[in-house]
1. Enumerate by residue number the chymotrypsin sites (Phe, Trp or Tyr not before Pro) in segment 108-182 meeting two conditions: DSSP loop (anything except H, G, I, E, B), and at most 11 other Cβ atoms within 10 Å of the site's Cβ.
2. Tell me, what ³J(HN,Hα) does each residue in segment 87-101 have, in order and in whole Hz, if you take phi through Karplus 6.51 cos²θ - 1.76 cosθ + 1.60 with θ = phi - 60° and put x for Gly and Pro?
3. Averaged per residue, what accessible surface does the chain expose to a 1.4 Å probe, in Å²?
4. Work out from phi, with θ = phi - 60° and the Karplus expression 6.51 cos²θ - 1.76 cosθ + 1.60, the ³J(HN,Hα) of each residue of segment 18-33, listed in order in whole Hz, and give x for Gly and Pro.
5. For segment 100-182, report the convex hull volume of the alpha-carbon atoms normalised per residue, in Å³, without decimals.
6. For segment 107-182, state which trypsin sites (Lys or Arg not before Pro) are in a DSSP loop and have at most 12 other beta carbons lying within 10 Å of their beta carbon.
7. Once you place label points 7 Å from the Cα toward the Cβ at Lys127 and Asp168, how far apart are they in nm?
8. I'd like the Karplus ³J(HN,Hα) series for segment 122-131: coefficients 6.51, -1.76, 1.60, θ = phi - 60°, whole numbers in Hz, and an x wherever there's a Gly or Pro.
Amino acid sequence: MKRQKIVMNGKEVARTLERLAFEILERHGECTELALIGIQRRGVELAQRLRKLLEARLNCELPLGKLDINLYRDDWTNLAHQPQINQTDIPFGIDGRKIILVDDVLYSGRTIRAALEAILDFGRPRKVELLVLVDRGHRELPIQADYMGKMLPTSREERVDVYVKEMDGEDRVRLASGEDSQ
């Protein structure tokens, strides 16, 4: 039996990103050493939106990068098919910067572990903080978000799907269970 529920609509996603931008401003003030890195795929779009929100309030440009973690995954041998390799583009120096790593859903922590390993190939940041739109629990590694849009307790049989306008035509977060969660 398929079940799905919209847990965030477009307005809620936009409001959540605004709140997260304010949290960043509260912690980092002028953001002079700050840079955003979005994890491919939907983390990039979320990071781009956060950048616009922050730049509008700071009246300055923030560096933005895109990170593909597929080559750093620890589950290549367990995958039924090869993951699609996307582009990594970090057009700024990482050394000494405060990086905010942006992803759509935090689950086991393995994506973030891979992202941290990938970032270190580009240099040594002063600090890395994690921002996620949704934290669904079920951590396998000791990783937690510094900025969280929504805590959404789930079962392992459920799936959280994040849709963004840029890729999907609309913003929403859906919780799916049953056959639809595979």
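The values are calculated or read from the model by the stated rules, or taken from the named source; none is laboratory data. Bear in mind that the values here come from a model prediction, so they are computed numbers and not experimental data. Here the Cβ is made from the backbone with ideal geometry for all residues, glycine too, and neighbour counts use every protein chain on show. Surface areas here come from the heavy atoms of the whole protein model, side chains and all, with no ligands, DNA or RNA. Shrake-Rupley method; radii C 1.70, N 1.55, O 1.52, S 1.80 Å.
1. Working: sites: Phe122, Tyr147, Tyr163; in loops: Phe122.
Answer by residue number: there is no such site.
2. 8, 9, 9, 10, x, 8, x, 8, 3, x, 7, 9, 9, 10, 8
3. Details: 9810 Å² over 182 residues.
Per-residue accessible area for the chain comes out at 54 Å².
4. Values per residue, Gly and Pro as x: 4, 4, 5, 4, 5, 5, 4, 4, 4, 7, 10, x, 7, 6, 5, 10 Hz.
5. On the way: hull volume 9.3 nm³, N = 83.
Value for segment 100-182: 112 Å³ per residue.
6. Values: sites: Arg110, Arg113, Arg126, Lys127, Arg136, Arg139, Lys150, Arg156, Arg159, Lys165, Arg172, Arg174; in loops: Arg126, Arg136, Arg139, Arg156.
Passing sites in segment 107-182 are Arg126, Arg156.
7. Label at Lys127, label at Asp168, 3.2 nm between them.
8. The phi angles translate into 9, x, 10, x, 5, 7, 10, 10, 10, 10 Hz.
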